[in-house]
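Since the structure comes first, as structure tokens, the remarks are kept for the end.
Derivation of every value follows stated rules applied to the coordinates shown; laboratory data play no part. For clarity, every value in this text was computed on a predicted model and none was experimentally measured. Cβ atoms come from the backbone with ideal geometry, glycine included; neighbour counts cover every protein chain shown.
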Amino acid sequence: MRIIFFYLARQTLVSMLAVSGVLLLIFMSGRFIKYLSQAASGGISADVLFSIMGYRLPGFLELILPLGLFIGILLAYGRMYLESEMTILHACGMSQGKLTLLTMGPALLVAGIVGSMSLWVSPWGMQKVEDIFTQQSKLTEFEMLAEGRFQKLRSGQRVTYAESLSDDKKILNNIFISETTKNGQEQAVLIARSGRMKFEEKSGARYLMLEKGARFQGVPGSLNYRVIEFDEYGIKIDDLAAQRIKTIEEAVPTAQLWQSDNLKDKALMQWRISLPILVPIVTLLAVALSKVNPRQGRFFQLLPAMLIYVTYLGLLIGARKWVEGAKIPDWLGLWWVHLLFLTVSLYMLFGRAYMYQRRIARAQN
């Protein structure tokens with residue numbers, strides 16, 4: 001039995017890791033593209049992209065691992081049914097109950113990993129992401145520049161280009177700046193050979209001092225432009241107050257949620273607990289749905305299985321919103337969804353065989 005347990009666990013976990021790896025790549029690619037566009041537009045520094053993705057990783061895994069395990073069991077056991085390995089195991093005394101019990105071993109391991117992520121690691125990671133964005137909001141516009149790229153800065157009224165930057169981003173070379181004036185009618189264009197950051201200790205103001213350049217200002221499309229050539233020209237850099245972004249819900253520590261009486265916090269707490277509970281229930285569903293006829297192929301049950309999983313997850317999301325909106329009592333919360341699918345999975349595993357035996361017993365009587 002020990003050999004069979006390790007064989008089933010290896011088949012399940014290898015399939016789960018393969019599926020989870022593909023899903024993780026898809027999820028993270030989409031999110032990385034979003035952050036990359038923010039960095040390209042000057043919203044955040046490119047230096048923090050990989051830190052953000054690293055801290056977001058547990059949040060992705062807590063959603064991907066249950067789905068990866070579900071599909072992994074379907075694929076692994078479907079192959080075993082297709083190649084008659086399950087038939088041999090059942091002929092050697094492996095009942096459906098024993099198979100389910102052995103499958104729960106790796107499932108509980110995954111549930112423990114998902115639970116640790118949803119309850120502790122993911123909130124910690126999201127808090128780190130929030131801290132990074134808060135620090136980014138303290139940077140001046142010119143500290144967000146990337147060399148050799150036109151960037152629309154956070155003011156939205158200025159486009160800046162610098163051919164090269166010093167390592168500390170204090171000195172800029174071959175600068176182009178285009179900005180809309182305060183009245184919104186005129187456009188000003190500045191070109192300069194170089195620029196440097198200057199800080200006035202008395203006033204605390206910061207300036208970008210441009211050297212050896214010219215300023216062109218006027219209404220686009222007209223010929224009435226004012227041209228000023230300069231040896232030195234200062235642009236005051238507005239200090240953006242540390243714009244602390246709104247606290248992300250997922251960044252709230254679990255201990256704080258546990259003590260809260262707010263319905264939104266209660267719903268989030270139940271959601272975090274629901275993710276590890278989801279794992280053993282979808283394992284039962286996967287074991288029940290993995291049984292296929294060799295003529296049907298290993299992917300025959302994949303589509304209906306995915307529809308059941310999506311329905312399960314969709315009801316959990318809907319129940320969370322209903323708790324937040326006080327449409328259902330918080331004591332009922334998300335638990336009724338788990339109970340519903342636990343009942344369905346147990347019926348699919350054992351109910352049909354039990355009803356069949358009852359019919360035979362009645363026919364014999």
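Take every pair of alpha-carbon atoms less than 8 Å apart whose residues are at least six positions apart; their mean separation over the length of the chain yields a relative contact order of 18 percent. For Gly314, neighbours were defined as the other residues whose beta-carbon sits under 14 Å from its Cβ, and their charges (Lys and Arg +1, Asp and Glu -1) total +2.
Between Ser95, Ser194, Ser118, the Gaussian network model of the chain with springs among Cα atoms under 10 angstrom shows the greatest mean-square fluctuation at Ser95.
Structure note, pairs Lys170/Lys212; Lys98/Lys291; Lys128/Lys169: Cα-Cα distances above 21 angstrom occur for Lys128/Lys169.
Taking label points 7 Å from Cα along the Cα-to-Cβ direction, Asp231 and Phe50 give a separation of 4.6 nm. Can you compute log10 of I(q)/I(0) for the stretch 25-118 with the Debye formula, treating each Cα as one identical point scatterer, at q = 0.13, 0.15, 0.21 Å⁻¹? Each listed q maps to, in turn, -0.64, -0.73, -1.03.
For the residue pairs Lys266/Lys327; Lys34/Lys266; Lys34/Lys152, the C-alpha atoms sit more than 22 angstrom apart in Lys34/Lys266. Once both labels are positioned 7 Å from their Cα atoms along Cα-to-Cβ, the gap between Leu303 and Phe216 label points is 6.2 nm.
Using C-alpha pairs under 8 Å with a sequence gap of at least 6, the mean separation divided by the residue count of the stretch 141-237 gives a relative contact order of 18 percent. 222 nm [θ] for the chain, helices only, -39500 (n - 2.57) per DSSP H run of 4+, per residue, to 500? Mean residue ellipticity at 222 nm (helix-derived): -19000 deg cm²/dmol.
A cut-off under 12 angstrom between Cβ atoms defines the neighbours of Arg56, and their net charge, with Lys, Arg +1 and Asp, Glu -1, is 0. With each label modelled as a point 7 angstrom along the Cα→C-beta vector, the Phe5-Leu340 pair spans 3.5 nm.
Considering the chain as a Gaussian network with a 10 Å cut-off on Cα pairs, which listed residue, Ser116, Ser20, Ser203, attains the greatest mean-square fluctuation? The residue that fluctuates most here is Ser203. Here the chain is treated with +1 on each Lys and Arg Cβ and -1 on each Asp and Glu Cβ, and its dipole about the Cα centre works out to around 1560 debye.
Efficiency by 1/(1 + (r/R0)^6): what FRET value for Ala146 and Asp330, r their Cβ-Cβ distance, R0 = 51 Å, to the nearest 0.05?
On the way: r = 48 Å, r/R0 = 0.94.
Rounded to the nearest 0.05, the efficiency is 0.60.
Axis of helix 352-364 versus longest Cα principal axis of the chain: the two differ by about 20°, to the nearest ten degrees.
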